[in-house]
1. Within chain B, what's the longest stretch lacking GluC sites (Glu not before Pro) that sit in DSSP loops with no more than 16 other Cβ atoms inside 10 Å?
2. What full-extension length gain, to one decimal in nm, is calculated for A:LYS106 and A:GLU68 as 0.36 nm per residue of separation minus the Cα-Cα distance?
3. Report, in whole Å, the centroid distance computed from the Cα atoms of region A:88-151 and region A:212-282.
4. Could you name the lysines whose alpha carbon sits less than 26 Å from that of A:LYS248, not counting residues in the same chain fewer than 8 places away?
5. Sticking to Cα atoms, compute the Rg of region B:4-256 to one decimal and its Dmax as the biggest Cα-Cα distance, whole number, in Å.
6. Filter the trypsin sites (Lys or Arg not before Pro) in region A:344-397 to those in DSSP coil with at most 13 other Cβ atoms within 10 Å of their Cβ, and list the result.
7. Among the lysines, which fall within straight-line cross-link reach of A:LYS393, defined as a Cα-Cα distance under 19 Å, with same-chain neighbours fewer than 8 residues apart omitted?
8. For A:LYS106, give me every one of the lysines with a C-alpha distance below 16 angstrom, ignoring sequence neighbours fewer than eight places off in its own chain.
Amino acid sequence: MTTTLLPHKFGTYGGQFVPETLMPALIELEREFVSARKDPAFNAEFDKLMASFVGRPTPLTYAKRLSEKLGGAQIYLKREDLAHTGAHKINNALGQALLVKRMGKKRIVAETGAGQHGVASATAAALLGLECVVYMGSVDIARQEPNVFRMKLLGAEVRPVESGTKTLKDAINEAIRDWVTNVRDTHYLLGSALGPHPYPTIVREFQSVIGREAREQMLMDAGRLPDTVIACVGGGSNAIGVFSGFVKDEGVELIGVEAGGSGIASGKHAARFGDAEKARVGVIHGTRTYVLQDEDGQIAETHSVSAGLDYAAVGPEHAMMRDNERAFYTSATDEEALNAFQMLCHTEGIIPALESSHAVAEVIKKAPTMRKDQVILVNLSGRGDKDLNTVIKELGS
Amino acid sequence: MTNRIDEAFKTKPIFMPYFPLGYPDLETSIDVIEALAKNGADLIEVGLSFSDPLADGPVIQQATQIALEKGITIKKSLAAVKELRGRGVTIPLILMGYYNPMLAYGLEKFIRDAKEAGADGFIIPDLPMEEAEEFTSVAGELPLIQMLAPTSPDERMEAIARNAKGFIYLVSVTGVTGERREISNDLGDLIQRVREHTSAPVCVGFGIGTPEQAQQVGQLADGVIVGSACVKTIGGSEQPVETARLFAKNFRSALSNTPKT
């Protein structure tokens, strides 16, 4: 028996697998979101902030030298790296923070892997005068130090998480525990297209601005829709955001790129769709989706050079799109991502986030197999400044 | 088959400790649960470990993490329940665990094997009413214990309590499992709200750590659930089995002396 206002499942995926204590908060959140989206004043405020604070629309950049170098399809970059705070995460963080104000709550908690969502949440909280606590695995704190400092500068409290694998999944556990404890005055500002309903829908809706803008810009700049849209997929918020603009254009191929880590065969990766042995449909963090797990249903440890893709589950809408073949999913290894990172730096003068570099890695494989009159759109979800320490370590200075 | 749960509630308030199988190791955990059962526990929540226990506080997180590191599985846990029945444990044993390991085991197989092992029901904190049908449709007569929280509005309480089987697990505080210094003043009102919707026994858990607190809650509720304090006291002891015996006796005697209201 379910009486949600919006569809709470994507095919057989999604749902609301949370403790009873949280159910009323999810119901309230859904109600508030539905009413906000119908409220012209809310939408006007969101749009205004997107323009005047985030700097939207973000540009579409034709990657001329990269296209020439690869010798196939023409490549366009949707520049979410140029959004305020350096990644697409700010779109959703601001949208949800406006909902928090509407609900009259004063405090937000957020999880973060790479730190981009934590920075976006801290920024939104500072802008709107909310208290902000960010949970971050201690492994991720070590590898994304600049972002930790940014969050603190923005007035957020960063709480290191020492449980489990000390990465994103454990940060989500801890954020949920905080939320269960303080649910009456606290909102969980979930940063990816996962978790219990209505989060995957809310996050997609606030991120759909990427796809709407990109579609319009492609028509303006290239005079046509892309043949292929490529995005990296951790939880999947940037991918679902850009895909949503093209999902009805049946001729447009959608490709999501997961973290291949040290390669699927090594077992050290975060390719939920790529590992037929370890990835099975299960329930984690409130949602039913593909989950990397062992035989006994314990969530598997994952690995990726990019903290933002280092997560054992994938957003439920992606699981549905994979099953119904509206989108295709592949993976790029750490090495491929690092190569792509360097190639984009050299050919285009753009330092991409390691997460986004996975999408670029797929472009490097795919573009040469396409004709020169074909077009690829890549969602460049974030910039790579935060990753310099990691890259220096991996490549040597 | 006589219903062990209904039988357990003939004398109230009942004492309901939680202990995870596999902690501090499998053999000790079986001995501990046996000791609890034979020294005053009226029903035991037998914990199944999960890597990501998002409703649990630090004590149970750590204990179940250790259990996993030592190799506990669902299969071994079910075999342990069977072993407990073999040792003459006759009180109800309720399996408490998260949903994913049960799905991974296969729901129908899990429920069949749990029943065969001698389990009496299930508590699954990440399976609210909205998602429960998949489980209850194959659970047969074994109840999925419904949980209610202080945040549950009346209409939810009514809907959840209406379908309650066995007993109601009332979460006494908003939060994760773990001891609290004081029992909430609002607990009486909260229990009263639940009773308006059901005649099923109401058991209170989360935050109860001492026999005195148990007695206080026992004046209001039909059962008292003690989790983190039980795990911490017994798990932290040099002689866990002996400690379990004393722990159960202390709580049992506090509850047996509960003044009637």
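1. Working: sites that count: B:GLU141, B:GLU182, B:GLU196, B:GLU238.
Here the longest segment lacking exposed loop sites spans B:1-140.
2. 8.6 nm
3. 24
4. In chain and number order, the partners are A:LYS9, A:LYS38, A:LYS78, A:LYS89, A:LYS365, A:LYS366, A:LYS372.
5. Rg and Dmax of region B:4-256, Cα atoms, are 16.5, 48 Å.
6. Numbers: sites: A:LYS365, A:LYS366, A:ARG371, A:LYS372, A:ARG383, A:LYS386, A:LYS393; in loops: A:ARG371, A:LYS372.
Within region A:344-397, the qualifying trypsin sites (Lys or Arg not before Pro) (loop, at most 13 other Cβ atoms within 10 Å) are A:ARG371, A:LYS372.
7. Cross-link targets: A:LYS268.
8. none
All of the numbers you see were taken from the coordinates with simple rules; none came from a lab. Not measured: the values here are computed from a predicted model. So basically every Cβ, Gly included, is an ideal-geometry build from the backbone, and we count neighbours across all protein chains shown.
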